[in-house]
Amino acid sequence: MQENKSFFNAMTILGLLLAIGMASAAFILGVQAKRAVSGQQSITVKGLAEKPIKADSAEWALSIGVTDATQRGALNKLATELKVLEGFLEKQGLPKDSWTVDVENINDHYDEVFVKDTPRQVRNGYDAFQSVHVASQDLAKITNANKNLLQLRADNHPISASPPQYLVSNLEEVKMSLIADATKNARTRATEFVKQDGVKVGVMKSASQGAFYILPVGGGENTDDSYGGVYDKTTIDKTARVVVTIVYNIE
C-alpha cells in the first residue's frame, strides 16, 4: 500500500514537472516566433537620382599611315605628313603642349594578288604609322578641329581620327551626391507605400548601389561601361544617374 502511494506521488510530481516544462517551452517558442515575424516586417524599394552635367575636358586620337617601297622612304613620308598634321593642330588653336606624338611603327605591306584564281598575299614595300593624342579643356577647339580635319583628308593627306571623347573630371563627387539624393528618394517612396497601412518606415536594414550611369541627354547607344556602368563619352552635355536598392524595417 505504501509502495503504491509513493509511486502515485512520484508520478504526480513528474506530471507537474512536465507541465511546467511544456509551458515554459511554449512561452519561449512564442517569443521567438513573435520576434521572427517581427524581423520579417520590412520593405524593399529602389531610389533614383539624376542631374545634368557637362564634360570639362576632351581627348582626341589621330593617326598617320603611309606606304613606300623602302623603310627609309616610308619614314620620310611619315615625317612629312607629321609636319602637316602639327601645322593643322596649331592652326586650330591647339598648341604643342596639348598633344603628344607616339614613336613610328613600320610593318611589311602586303598586296593581294591572284595566282590561277587563287588569292595570295604578296609582300610589297612597307607601311609606316604614327599616332598623335590631343588633350584639352577647350572643348570647342577640339570639336571644330575634328570637323575641319575633313578638308585635310580631302587634300589627300593620309590622316585619320577617332571621334573626340568628352570627359567629366569630378565623377566621384557627382556619384556621391547622387547616392545621397537616391537614398532620400528611396525613403520617400517607402513612406508612400506604407502610409495607408498605419505603420512607419524604420531604420535601414541594408542598401546596395546599382550601376553609375553617365548618359547623353535623352539617352543613347554610343556608350561604354568603363566606369562600372555606362559612361557616354560622345557628347558634351550629359545626364548622371544612380539607382540604389534599400531595405527598411517597418515599425
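The values are calculated or read from the model by the stated rules, or taken from the named source; none is laboratory data. Source: prediction; values computed, not measured. As a convention, Cβ positions derive from the backbone with ideal geometry for all residues, glycine included, and neighbour counts pool all protein chains shown. These area figures cover heavy atoms from the full protein model, side chains too; ligands, DNA and RNA do not enter into them. Shrake-Rupley method; radii C 1.70, N 1.55, O 1.52, S 1.80 Å.
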Task: Residues within region 233-247 that are hydroxyl-bearing (Ser, Thr, Tyr), assigned to a strand (DSSP E or B) and over 10 Å from residue 209 (Cβ atoms), tallied - done: 1
TODO: Go through 197, 181 for me and flag whichever is open to solvent by 60 Å² or more (accessible area, probe 1.4 Å), of a type outside the set (Gly, Ala, Ser) and without any contact (Cβ under 8 Å) to a residue 12 or more places away in the chain.
DONE: 197
Open item on the list: Looking at the structure I just gave you, is residue 175 modelled with pLDDT under 90 and either basic (Lys, Arg) or under 30 Å from residue 62 (Cα atoms) (or both)?
Closed with: no
Open item on the list: Given the options 112, 104, 172, 90, name the one that is under 23 Å from the mean Cα position of the chain (by Cα), without any contact (Cβ under 8 Å) to a residue 40 or more places away in the chain and more than 30 Å from residue 250 (Cβ to Cβ).
Closed with: 172
- [ ] Tell me, yes or no, whether region 56-71 has at least one residue that is closer than 30 Å to residue 197 by Cβ, outside any helix (DSSP H, G or I) and open to solvent by less than 90 Å² (accessible area, probe 1.4 Å).
- [x] no
